[in-house]
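A short worksheet on the structure shown next.
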Amino acid sequence: MAKCAQLYEKLTQQPILNPIIRVRDPSPEDTSLNDEQVHTFAPNSQNVQKKIYLLLHDNNALWKKKQKNLLEKQIEKDIKMYTNSVIEYKALKKYKTHEVIEVKLSSFLRMNISYHSSNNYFYKFTGHAISRSFLLKYINNKNSKTYVEGKIECHFDDYGRINYSRSFDINYQ
């Protein structure tokens with residue numbers, strides 16, 4: 001974090017937040033420039049509206065340091081979003097001319113690993129992504145499935161922000 005941001009947080013005891021929210025593409029076919037685009041669709045998303053609502057309220061928990069037990073639910077949600085992006089990335093790496101239609105986690109288990117920091121979280125996961133060729137979608141609309149398994153490590157600060165994350169031991173087919 002930038003020094004001015006660190007100073008602001010130290011003086012105000014309030015975090016600088018930059019939420020990332022995944023939103024589905026309303027027109028994945030991209031057949032027309034007149035189709036609704038994700039950036040005009042996003043403000044109507046319930047996930048986006050909920051996050052904005054939380055950000056606009058001073059008394060909300062987003063603006064306060066949290067006790068570890070209060071962070072657990074948000075941390076797990078953020079790690080699942082990160083895990084889904086790892087699965088999606090591996091599917092697109094396997095099928096370079098595909099677009100991902102769906103991502104599903106089959107298992108998501110927290111691993112108890114002794115570590116120097118109690119803010120580190122380790123998860124083992126399995127899942128799959130369904131994709132289809134965007135080049136051949138009008139000729140052959142057969143979907144492909146990519147199975148992915150691996151581990152995720154994330155480190156969170158006292159506000160529940162991800163400071164560090166990595167995926168490792170990733171296998172996909």
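Of everything in segment 57-105 that is part of a helix (DSSP H, G or I), modelled with pLDDT of 90 or more and touching a Gly at 6+ places or on another chain (Cβ under 9 Å), the residue that is farthest from residue 132 (Cα to Cα) is 83.
Taking segment 106-173 as the region of interest, the strands (runs of 3 or more DSSP E) fully inside it that hold 2 or more residues being surrounded by fewer than 17 Cβ atoms within 10 Å (Cβ to Cβ) and either modelled with pLDDT under 90 or of a type in the set (A, V, I, L, M) (or both) are 120-133, 162-172.
The values are calculated or read from the model by the stated rules, or taken from the named source; none is laboratory data. Fair warning: this is a prediction, and the values are worked out from it, not measured in the lab. Here Cβ is always computed from backbone atoms with ideal geometry, including for glycine, and neighbour counts include all displayed protein chains.
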